[in-house]
Amino acid sequence: MLIEYLPLWIADYLALWLFLVLTIAMVAGFPVTFTMMGTSFLFGLIGLHPGFFDLLPLRLWGVMTNTMLMAVPLFVFMGLALEKSGLAQELLETMEELFRNVRGGLGISVVMVGALLGASTGIVGATVVTMGLMSLPTMLKHNYSKSFACGTIAASGTLGQIIPPSVVLLLLGPVMDVPIGDMFMGGVIPGLLLVGLYCLFIYLSTFFGTKHVPAAQEKGATFDAAFLNRIFKALLPPLFLILAVLGTIFAGIATPTESGAMGAIGAVLLTIINKKFNLKMLHDVSKGTIQMTCMVFITIMGASCFALVFRGLHGDDLLRTLIDSMHLSGWQLVTMVMIFIFILGFFLDFIEITYIHIPIIAPIVVDYGFDPLWFGIMFAVNLQTSFMTPPFGPSLFYLKGVCPPEVQTMDLYKGIIPFVILQLIGLIIIGFWPELATWLPKIIYSN
């Protein structure tokens, strides 16, 4: 093997060199999957016997036959179908009228709609684009500053990454070795916590000048029978879908994969009810589902190749030894890991972080005695910030694509700063009170 001819300072730490080279290459913008596979094969040929790669087909087969991952295309299909159903527009119009007489009511209505759409779809791109098209012109018309309006929409659109059924939680469950149902239940209260922090921030912002948020609101809706009927019609479809998907999981009636299938059927039924269903819609949704599913699974395959070589080079043992030599307490380790993941989120996608870095770090943290469910939710909240942090935050790109010409990229960057801070505050709160993530699963299972 070539490792015999390398200097000791390289040979002894070959796994860490693999980790470092891979991270630098991805930050530099090289294609993720090919970078993972290429660097893994290169370092594997240097440090391992070629026969070691005979294990790789078994790993890839295990990914393709994982029944939990079968839920990914189902939830993606559900989210994309709901985008076409017209549900978001009805929700936003009704919520805007409902909160009109509340200070900052339009911004609060955007957050509430983002939460409901997140609990219905779990797809960031669809939520941000839909809300950007509908609510951004309205917020600008009502004298919200460009930065504040963009920040509110981008942050609200990312709520679907912690509020179940979330694709992030769906992918994190197998990595953390936690049942997906537990991950979904664990994400409910932290998701609602973020919703509350966003709404409180928007409300309080109206008391500190009107530069970004208008203090005065127009006259609110009249709560007559007609308006109550509108609220009922707007809220019933998403609540029905949430009950069909999450209710069946929480009640133990269906597995996440089965509930994903129910959600996909429910989303199609909603498009039919709203008279949005046609062959073109079905073609577009199916094509989008295939594209996103292929992206997820090919990334998982590349990460499986990396994990195989990293462990073959004893990288996990080496990392444990390095951490033990630092004599860190459990909380010091958690803090260091959270800061590391937060920084990675500026440059890498959540799928890459989930399948490359977390499988290496999570077992070490769990060995320190921390609850894997709580730690998985902490990861999810931390990863949620990666959707908004420049320069590669997906929500920023999605929103910029539908912004009016007068909205500049810098307006988006300025707007997300307070909401990223709020997400970090939420992360700290969950860190100090782990019961926010673990209480609901324990209560449900105890009954």
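The values are calculated or read from the model by the stated rules, or taken from the named source; none is laboratory data. Small disclaimer: the values here were computed from a predicted structure and weren't measured. In this analysis, Cβ positions are derived from the backbone assuming ideal geometry, glycine residues included, and neighbour counts consider all displayed protein chains.
Suppose the filter is within 17 Å of the chain's Cα centre (by Cα), at pLDDT 80 or above and more than 18 Å from Phe432 (Cα to Cα); does Ile364 pass it? Considered against the rule, which asks whether it is within 17 Å of the chain's Cα centre (by Cα), at pLDDT 80 or above and more than 18 Å from Phe432 (Cα to Cα), Ile364 comes out as no. Within region 376-397, the only residue that satisfies the criterion of being surrounded by fewer than 24 Cβ atoms within 10 Å (Cβ to Cβ), among the aromatic types (Phe, Trp, Tyr) and either touching a strand residue (DSSP E or B) at 6+ places or on another chain (Cβ under 6 Å) or assigned to a helix (DSSP H, G or I) (or both) is Phe397. Look through region 341-357, keep the residues that are within 12 Å of the chain's Cα centre (by Cα) and outside any helix (DSSP H, G or I), and return whichever of them is farthest from Ala303 (Cα to Cα). Among those that are within 12 Å of the chain's Cα centre (by Cα) and outside any helix (DSSP H, G or I), it is Gly345.
Take region 181-194 and flag every residue that is in contact with a Gly (Cβ under 8 Å, 6 or more places away or on another chain), surrounded by 24 or more Cβ atoms within 10 Å (Cβ to Cβ) and aliphatic (A, V, I, L, M). Correct list: Met183, Leu194.
For every residue, the table says whether it meets (1) among the aromatic types (Phe, Trp, Tyr); (2) more than 26 Å from Glu352 (Cα to Cα); (3) crowded, with 20+ Cβ neighbours inside 10 Å.
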site: Gly401; (1), (2), (3): no, no, no
site: Glu406; (1), (2), (3): no, yes, no
site: Thr409; (1), (2), (3): no, no, no
site: Ile421; (1), (2), (3): no, no, no
site: Ile425; (1), (2), (3): no, no, no
site: Ile430; (1), (2), (3): no, no, yes
site: Glu435; (1), (2), (3): no, yes, no
site: Trp439; (1), (2), (3): yes, yes, no
site: Ile443; (1), (2), (3): no, yes, no
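Rundown of residues vs (1) over 16 Å from Phe19 (Cα atoms); (2) polar (S, T, N, Q); (3) at pLDDT 80 or above, yes/no style:
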| residue | (1), (2), (3) |
| --- | --- |
| Gly288 | yes, no, yes |
| Met292 | yes, no, no |
| Met295 | yes, no, no |
| Met301 | yes, no, yes |
| Ala307 | no, no, no |
| Arg311 | no, no, no |
| His314 | no, no, no |
| Leu318 | no, no, no |
| Ile323 | no, no, no |
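Which of the residues that make up region 267-296 are closer than 15 Å to Ala71 by Cα, crowded, with 19+ Cβ neighbours inside 10 Å and either touching an Asp or Glu at 6+ places or on another chain (Cβ under 8 Å) or of a type outside the set (A, V, I, L, M) (or both)? Within region 267-296, Thr289 is the sole residue that qualifies.
Listed by position, the helices (runs of 4 or more DSSP H) enclosed by region 243-340 that each have at least 2 residues that are free of Cβ contacts under 8 Å to residues at least 40 places away in the same chain and of a type in the set (Asp, Glu) are 315-325.
Just need a number here: residues in region 73-111 that are outside any loop (DSSP other than H, G, I, E, B) and crowded, with 22+ Cβ neighbours inside 10 Å. The number of residues fulfilling the criteria is 24.
Taken over region 86-111, the criterion of being modelled with pLDDT of 75 or more and within 30 Å of Thr293 (Cβ to Cβ) is satisfied by Val110, Val111.
Among residues belonging to region 196-224 that are buried (at least 24 other Cβ atoms within 10 Å of the Cβ) and assigned to a helix (DSSP H, G or I), point out the one that is modelled with the lowest pLDDT.
If we filter region 196-224 for residues that are buried (at least 24 other Cβ atoms within 10 Å of the Cβ), which is where we start, we get 198, 202, 213.
Going one step further and asking which of them are assigned to a helix (DSSP H, G or I), we end up with 198, 202.
Working: Tyr198: 92, Ile202: 87.
So the residue we want is Ile202.
Are any of the residues in region 281-290 of a type in the set (Lys, Arg) and under 22 Å from the mean Cα position of the chain (by Cα)? Yes: region 281-290 contains one or more residues that are of a type in the set (Lys, Arg) and under 22 Å from the mean Cα position of the chain (by Cα). I'd like to know if region 177-189 contains one or more residues that are at pLDDT below 85 and either assigned to a helix (DSSP H, G or I) or in contact with a strand residue (DSSP E or B) (Cβ under 6 Å, 6 or more places away or on another chain) (or both). Checking region 177-189: at least one residue is at pLDDT below 85 and either assigned to a helix (DSSP H, G or I) or in contact with a strand residue (DSSP E or B) (Cβ under 6 Å, 6 or more places away or on another chain) (or both).
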